[in-house]
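Computed from the coordinates by the stated procedures, all read-outs in this text should not be read as laboratory data. Since the model is a prediction, treat every value here as computed from it, not as a measurement. Counting neighbours? That spans all protein chains shown, and the Cβs are built from the backbone with ideal geometry, glycine included.
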Amino acid sequence: MDPFDIGVIWGVGQGGMETFESEVENYVTGNYVPRFSPFFVPKLIVNMASGMISMKFGLQGINYTTVSACATANTAMMDAFNYIRLGKAKVFVTGGSEAPITPASIGGFSAMKAMSVRNADILLGQVVLLIKTVTVL
C-alpha cells in the first residue's frame, strides 16, 4: 500500500509535562539561569506523538494530533473515520495515549478530585485502533 494513503491521527491529553517539570527544576536550581535543552520545545509539542508514529512506520498520509482532554482518543478516531468516509485516505493509525505521571500532573488531577481514592478504579490508560476499511452505505 502507498504510504501516502496511510495517515496517523493521535490523541494526547496534555503531553510534555515531564519535560516541562524537569526544565523548570533545572532553571530554579540553577540560580534562574536560562539553560534550557534545545529539545525543550520539540518535546512539549503534542504533535510529536503522531509524528513519531509516522516516522517509525514510514507513514506519509494525513498526520496530526488532537487535544481534547479525556475525549482526545475519541476525537482522533472520529476524525480518522471521517477522512476515510470522505475518501481522503484509505487507512489510519488512530487512538490516544497519555502518561502524566509527574508531581504536577498528579497534583493537578488530585486537586480536581479526578483521581481514585480507592486505588481500584481505571483512570489512566492507552488505546490503539487501526481502521482498515469502512463501507459507507
Given a Förster distance of 35 Å, the FRET efficiency implied by the Cβ-Cβ spacing of I45 and A71, rounded to the nearest 0.05, works out to 0.95
Most packed first (mean Cβ within 10 Å per residue), the peptides 94-101, 57-64 order as 94-101, 57-64
With +1 on the Cβ of every Lys and Arg and -1 on the Cβ of every Asp and Glu, the dipole magnitude of segment 1-101 about its Cα centre, in debye rounded to the nearest 20, is 300 debye
Nearest-0.05 FRET efficiency for M55 and F4 at R0 = 22 Å, using Cβ-Cβ distance, is 0.90
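When the convex hull of the C-alpha atoms of segment 1-95 is computed, what volume per residue in Å³ does it have?
Values: hull volume 8.5 nm³, N = 95.
In segment 1-95, the Cα hull volume divided by residue count equals 89 Å³.
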